[in-house]
1. Please name which of Gly107, Asn121, Val92 has its Cα lying farthest along the dipole of the range 89-138 towards the positive end, using unit charges on Cβ (Lys, Arg +1; Asp, Glu -1) and the Cα centre as origin.
2. If you rank Asp122, Asp307 by how much accessible surface each has, with a 1.4 Å probe, what is the order from largest down?
3. Strictly over 26 Å apart at the Cα level, which of Lys143/Lys343; Lys7/Lys143; Lys104/Lys343 would you flag in this model?
4. I'd like the accessible area for Ser344: 1.4 Å probe, protein heavy atoms, all chains in place, Å² to the nearest 10.
5. Measuring from centroid to centroid over Cα atoms, what is the spacing of the range 39-89 and the range 281-348 in Å?
6. At a probe radius of 1.4 Å, what is the per-residue accessible area of Ile49, in Å² to the nearest 10?
7. How large is the Rg to Rh ratio of the range 89-186 when both quantities use alpha carbon positions and Rh follows Kirkwood?
8. So what are the ³J(HN,Hα) numbers for the range 113-129, from phi and the Karplus equation (6.51, -1.76, 1.60; θ = phi - 60°), rounded to whole Hz, Gly and Pro as x?
Amino acid sequence: MVYGELKIRSYDVQIHRARVEDLERRCEVGPTKRVVLFTDTMGDPICRIKNSPMYKMLIAELGSELVGVIQGSIKLATVHKPPKNLARLGYVLGLRIAPLHRRKGIGLKLVLELEKWFVANDVDYAYMATEKDNEASVNLFIKKLGYAEFRTPAILVNPVDRRALRLSSKTEVAKLRIEEAEFLYRKLMTSTEFFPDDIGNILRNRLSLGTWVAYQRGESWDGVGSDGKFPSSWAMLSVWNSGELFKLRLGKAPLSCLTYTKISRLIDKIFPCFKFSAIPDFFSPFGFYFMYGLHLEGPLSGKLVGDLCQFVHNMATKTKDCKVIVTEVGGKEMLRPNIPYWKSLSCPEDLWCIKAMKNEESTILQLPKTPPTTTSLFVDPREV
């Protein structure tokens with residue numbers, strides 16, 4: 001598509017790869033306050049979408065200069081829209097505009113072109129996520145493109161200490177077979193917004209490290225609850241190794257944070273017997289685990305979620321460059337108080353916005369006002 005001198009076309013790895021990487025390096029990614037995170041795609045600009053059922057990347061050029069990119073993916077997932085719950089969803093991500101070419105309408109044109117691809121592929125709803133205080137993104141999607149605020153989950157980020165944590169002797173942790181995990185997710189979470197219909201493909205992906213359940217020692221786990229009996233309290237989560245796709249790096253932080261990081265590492269090196277928890281080096285590219293599909297039941301399940309987080313932490317200590325564990329939960333979920341996280345690296349309100357692609361304005365206006373029907377939020381790890 002041509003807009004005057006601006007040309008928008010599909011990404012071609014042979015032609016655009018190096019220039020897209022250069023654009024990524026010039027665009028800051030992450031929270032606008034206190035810290036800024038940069039992504040390192042390790043030479044693969046489409047790494048964040050290539051595990052989705054359908055995906056596309058568009059680039060914008062002015063003459064010979066690449067000035068913008070955008071990515072999108074399509075999947076079948078749950079949306080509470082009567083009379084049916086399943087819908088085709090288009091996810092908008094990776095919108096980057098060269099700093100010297102912002103506020104020229106390039107971002108708007110890229111989104112519109114991506115939405116054309118959504119419509120051509122029978123998408124019911126398009127959605128995107130951004131920091132709530134990102135005024136440029138909010139103005140573009142809500143004020144200019146007609147997206148509506150949908151949910152405000154929190155992104156929780158917790159550093160990985162190189163020392164393993166001691167797990168509670170009162171808790172049992174068991175790994176589920178993929179078939180068991182898929183059965184439980186379909187049984188317990190299919191009514192959750194954006195629950196992916198191809199959950200089996202996610203669990204079987206090489207990046208999915210597994211699904212674990214935690215319950216009190218002395219009780220039994222029968223596998224999948226086929227007889228309708230579960231432990232009195234239990235919790236479940238899955239782990240995705242996002243660091244195999246791309247890395248993160250802390251690009252900007254307060255001087256106090258940098259100073260404390262260096263001091264903590266020095267103390268740990270000189271006095272290892274103190275077992276002082278040194279802050280990892282976030283200024284070099286690092287990998288991370290993403291916890292997804294969190295679910296809990298029972299009066300003591302909150303503590304069991306915490307035990308699972310410790311278990312995942314210990315897994316991460318065995319992965320060479322995994323320095324943080326990330327998850328995303330609903331703003332009012334009872335899961336949140338039991339998940340350890342570092343406030344300065346986390347995002348308390350990640351704004352999700354949604355837009356109908358099939359002239360269903362009355363329905364889309366009701367969606368943001370509809371409270372979740374479950375206490376858990378399913379965030380697709382392929383869209384992190």
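1. Sorting the options by dipole projection puts first Gly107.
2. Asp122, Asp307
3. Too far apart for the 26 Å limit: Lys143/Lys343; Lys104/Lys343.
4. 40
5. Centre-to-centre (Cα) distance: 25 Å.
6. That residue has around 0 Å² of solvent-accessible surface.
7. 1.15
8. Values per residue, Gly and Pro as x: 5, 5, 5, 4, 5, 4, 4, 5, 10, 6, 6, 7, 9, 10, 8, 8, 9 Hz.
The values are calculated or read from the model by the stated rules, or taken from the named source; none is laboratory data. Here the structure is a predicted model, which means the values were calculated and not measured. Heads up, the Cβs are rebuilt from the backbone with ideal geometry, glycines too, and the neighbour counts pull from every protein chain shown. Accessible surface areas use protein heavy atoms only, side chains included; no ligands, DNA or RNA. Shrake-Rupley method; radii C 1.70, N 1.55, O 1.52, S 1.80 Å.
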